[in-house]
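Reviewing the structure listed below.
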Amino acid sequence: MKLYLTRHGETDWNLQNKIQGQTDILLNEKGRDQARELGKRLREGYEIRSIYTSRQKRARETAEVIGQAIRVTPVVKEGLEEISLGRWEGYTWSQVREQFPEEYQAWYRNRRYQVPPEGESYQQLLDRLLPALSDIFVEHEDNVLAVAHSAVIMTLLSYMNDTPFEEMAKNYKTGNVGIVEIDPEVFRKRYGK
């Protein structure tokens, strides 16, 4: 069994460098094209038997397009949602630094545990993500695709590789429809379940 994580296709907010978080943004046309291309790639050798997706529209639409290409119906899985960045959503990072300087500095210095205004920390994201992925590993023997989000993937890889969360973007930035393979054995050893 292999678990592949992919980030959703492009949105207009991606183009504008706006923080999406849990704001429910749709794919743009390029994002739909990216999903179609990924579906073709996955059809040619990945042998995906199940697709899980975040409930957010950009991930669900990506999963549905891929599912049509490989003839698998996606299932929404709670826990795969993007991190909530609360009041910062809709701003660019430079706007956040200007308009929320103290909150941003506190978060920047301790990203794993610091909660942005009305948002959640990366640790809170992990607390919902790890059990969701553990369920997937328990329930499946065949290859699985999970359609998620940039921070979800970066947070998981930082956790699994014991990398400081402050370095996640430098080490694990995933472009739209980028694919990452998660080894079940490494996951179980790290998570302990």
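The values are calculated or read from the model by the stated rules, or taken from the named source; none is laboratory data. Everything numeric in this text was worked out from a predicted model, so none of it was measured. Note that each Cβ is placed from the backbone with ideal geometry, even for glycine, and that neighbours are counted across all protein chains shown. Accessible surface is based on the protein model in full, side chains and every heavy atom, while ligands, DNA and RNA are left aside. Shrake-Rupley method; radii C 1.70, N 1.55, O 1.52, S 1.80 Å.
Restricting things to Cα coordinates, could you compute the convex hull volume per residue of the stretch 1-128 in Å³? Walk me through the intermediate numbers first.
Working: hull volume 13.8 nm³, N = 128.
Hull volume normalised by residue count: 108 Å³.
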Neighbour cut-off at most 10 other Cβ (10 Å), DSSP loop, trypsin sites (Lys or Arg not before Pro), the stretch 69-124 = Arg71
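Residues of the chain: accessible area per residue at 1.4 Å, in Å²? List each step's numbers first, then the result.
Numbers: 9320 Å² over 193 residues.
Spelled out: the 1.4 Å probe surface of the chain, per residue, equals 48 Å².
For every other residue with a beta carbon closer than 14 angstrom to the beta carbon of Ala35, add +1 if it is Lys or Arg and -1 if Asp or Glu, then tell me the sum. The partial results should precede the final answer.
Numbers: positive: Arg7, Lys30, Arg32, Arg36, Lys40, Arg41, Arg43, Lys57, Arg58, Arg60; negative: Glu10, Glu29, Asp33, Glu37, Glu61, Glu64.
Around Ala35, the surrounding residues sum to +4.
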inquiry  = Ignoring everything except DSSP H segments at least 4 long, calculate the 222 nm mean residue ellipticity for the chain; use -39,500 (n - 2.57) per segment, divide by total residues, nearest 500.
reply    = -14000 deg cm²/dmol
note = Distance in Å, no decimals, from the C-alpha centre of the stretch 32-105 to the one of the stretch 130-184 is 12 Å
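Of all chymotrypsin sites (Phe, Trp or Tyr not before Pro) in the stretch 91-193, which ones are in loop regions per DSSP and have a Cβ with at most 11 other Cβ atoms within 10 Å? Please report the intermediate quantities before stating the final value.
Numbers: sites: Tyr91, Trp93, Tyr104, Trp107, Tyr108, Tyr113, Tyr122, Phe137, Tyr159, Phe165, Tyr172, Phe187, Tyr191; in loops: Tyr91, Tyr113.
Filter output for the stretch 91-193: Tyr113.
Order of 38-50, 13-25 by packing, highest average Cβ count within 10 Å first?
Numbers: 38-50: 15.7, 13-25: 17.4.
Result, highest mean Cβ count within 10 Å first: 13-25, 38-50.
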key: Pairs of Lys in the chain closer than 19 Å at Cα, counting only those 8 or more apart or on different chains   = 12
note = For Glu120, the net charge from surrounding residues (Cβ-Cβ under 11 Å; K, R +1; D, E -1) works out to -3
ask   = When the accessible area of the stretch 67-122 is split by element with a 1.4 Å probe, what percent falls to carbon and sulfur?
value = 42 percent
